[in-house]
Every structure is written in C-alpha cells, then in structure tokens.
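The values are calculated or read from the model by the stated rules, or taken from the named source; none is laboratory data. Small disclaimer: the values here were computed from a predicted structure and weren't measured. Quick reminder, even Gly has a Cβ in these numbers, built from the backbone with ideal geometry, and neighbours come from all protein chains shown. Remember, those area values only see protein heavy atoms, side chains included, never the ligands or the DNA or RNA. Shrake-Rupley method; radii C 1.70, N 1.55, O 1.52, S 1.80 Å.
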Amino acid sequence: MIDFGGQTAIITGGTRGIGRAIAKSFLDSGARVICTYTSDDATAERFREEHSQAVDRIDVQKFDVASYEEVEKFYKYIDGKYGGFEVLVSNAGIRKDSVLGMMKEADWRSVLDVNLTGTFFMCKFAVMSLMRKRYGRIVIITSPMGRFGWEGQSNYAASKAGQVGLMRSLAREVGTRGITVNCVSPGFIGTEFINDLPEKLRDSYLSQIPMKRFGKAEEVASCVLFLASQDASYVHGTVLEVSGGL
C-alpha cells in the first residue's frame, strides 16, 4: 500500500464509478480526498455516508468543471482551506452517443466542454498552484476510444484524444518543475455503464477483450495511485492502458 498520509488529492467525478474507486483508494492510503461532482446529490451523500469513518479526511464539492468561474472559485477554496494540494485526478466526463451525421450540435459541444475543456480548466489552475510547491502529480483519465474510435462516439473519442494531446504538451511545459503529468486509459470497466447494458451488447464488448473479462474499477485506481506516488517520479508524459489488451 502506498502511503499518501499528509497529502491532499482532488478527484473530479469522484463520487461514482471509477472516480469513486480512485477516491476510496486514496482514502485507504491515508490522503485527504476532495471529491467533486456536478449534479447527483444523492450519490454524493451516499459516498459521504459510506466513508463516515474518514469524515475528517473527506470533502465533497459540487460544481461544473466546464465552467471557468466555478473551477477558479473551487481552487480558491482549496488554497484558502487547505493551503493547496499535491494530486489532481481529472476524471469527470460524460457521453452523449450518436452517429456523426445525426449528432446534435449541443451534444458535440457539451461532451467536448466537460471532457476536454473541463480537463483544461482543472489542469490550468492546478499547475498554477503546484508550481509554487515545485511538486505535484496530475493524472488524467482518458479512454482507448481516443486511440481507435468507436461508432456513435465521435464527440467522446475526439475529447479523449484531445486529453492525450493536452497531457503531452503540458508534460513538456512542467517537466522541470517537480510536477508529473500522465494519463490512465481504462477500457471496459465493470461500473454502472457496463452493468446496465443489454446482455447482447455486453457479450459483444466482452468478445473484443483479449483477457475475456471486464476490468474492475479498483484495478484502474491502483494504476492512478502508482502514478500519483513518489515511486513514479520518472514516469511523465505517458498513457498507461488499463484495458485488458484492447
């Protein structure tokens, strides 16, 4: 177990799915965890209740990562209350699937706004804070869809490919500042999304995975923790695939 005692980790989209598993792993490793979410109050409250034993190390904040003003306000709150942080996991993301010819402009824009622009906003303010410490870890949760595409997901695939480009450019900018920037790229993970699919579609996805099983959110979280640790001090500007061989 990697020890994150005395460190503060921010996880966007941290109250459900993969983000929830990442947040739990940081809590179990001794970190103070600040989870963000956009709209699902009931799930956020359930997350607090399930981790009541660590209530002094949990902070759950509601805001929209696609809003520059709300992100700026959030970071001012973090600096004022905690004096900064050490780890950012940019995990918040949405999907609005449709074949490109039928895709609504609003659905294209909203997916790019949350997934890519939201990552930009979170990283922009994170870097400004971490450069003062000359230490930090930024991990962006992307997807293999950005590498090979998927029918009906041109907006999602574009946003995920963009995250990788953003990460690699940012890595070149902060490489001498004690900050590492990397991506983790989960494939088909057994969260609510997979579990709610029709059996025929689940079987279709499963057939494409060389390991012939869906991944676990905890397996993604373990990779995030490694990249966020001091053990990964020379891992920088890379994409770690957690996809069972996709």
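Can you give me the C-alpha center-to-center distance between the range 138-182 and the range 185-215, rounded to a whole angstrom?
22
Could you list the chymotrypsin sites (Phe, Trp or Tyr not before Pro) in the range 159-246 that lie in coil according to DSSP, counting only those with at most 10 other Cβ atoms within 10 Å of their Cβ?
Values: sites: F188, F193, Y205, F214, F226, Y234; in loops: F188, F214, Y234.
Counting only loop positions with at most 10 other Cβ atoms within 10 Å, the chymotrypsin sites (Phe, Trp or Tyr not before Pro) in the range 159-246 are Y234.
Would you list, by chain and number, the lysines whose Cα falls below 23 Å from the Cα of K200, excluding same-chain residues fewer than 8 positions away?
K96, K212, K216
With Cβ to Cβ distances under 15 Å as the rule, what net charge do the other residues near R177 carry (K, R +1; D, E -1)? Could the numbers behind the result be given before it?
Working: positive: K124, R132, K133, R134, R137, R172; negative: E86, E173.
Surrounding charge for R177 is +4.
Hey, what did the range 147-216 get for relative contact order, percent, Cα under 8 Å, at least 6 apart? Could you put the intermediate results ahead of the total?
Numbers: 31 pairs, mean separation 15.7, N = 70.
About 22 percent, as a whole number.
I'd like to know which of Y135, V99, V181 lies farthest towards the positive end of the charge dipole of the range 45-204, counting +1 on Cβ of Lys and Arg and -1 on Cβ of Asp and Glu.
Y135
Any idea what Rg and Dmax come out to for the range 22-147 if you just take the C-alpha atoms, in Å?
Spelled out, the Cα radius of gyration and Dmax of the range 22-147 are 15.9, 50 Å.
Quick one: angle between helix 17-28 and the longest Cα principal axis of the chain, in degrees between 0 and 90, rounded to 10, please.
30
Once Cα Rg over 2.2 N^0.38 Å is worked out from the coordinates, which option in (1) 0.97; (2) 1.22; (3) 1.06 does it equal?
It is the value labelled (1).
Apply the Karplus parameterisation 6.51 cos²θ - 1.76 cosθ + 1.60, with θ equal to phi minus 60°, to every residue of the range 47-64 and state each ³J(HN,Hα) to the nearest whole Hz, in sequence, with x for glycine and proline.
The phi angles translate into 4, 4, 5, 5, 10, 5, 5, 10, 4, 6, 10, 10, 9, 10, 10, 9, 6, 9 Hz.
Can you pull the accessible area of M128 for me, 1.4 Å probe, Å² to the nearest 10?
Per-residue accessible area (M128): approximately 100 Å².
Express the relative contact order of the chain as a whole percentage, based on alpha carbon pairs under 8 Å and six or more residues apart in sequence.
Numbers: 459 pairs, mean separation 48.5, N = 246.
Answer for the chain is 20 percent.
In nm, to one decimal, how far is the S67 label point from the D231 one, both placed 7 Å along Cα→Cβ?
It is 3.9 nm.
Cβ neighbours within 10 Å, averaged per peptide: list 66-76, 13-23, 90-100 in order, most packed at the top. Please list the in-between numbers first.
Working: 66-76: 16.5, 13-23: 25.2, 90-100: 18.3.
In decreasing order of mean packing, 66-76, 13-23, 90-100 become 13-23, 90-100, 66-76.
How much of the pair distance distribution for the range 136-246 lies past 16 Å, counting alpha-carbon pairs only, in percent?
Values: 3782 of 6105 pairs.
Result: 62 percent of Cα pairs exceed 16 Å.
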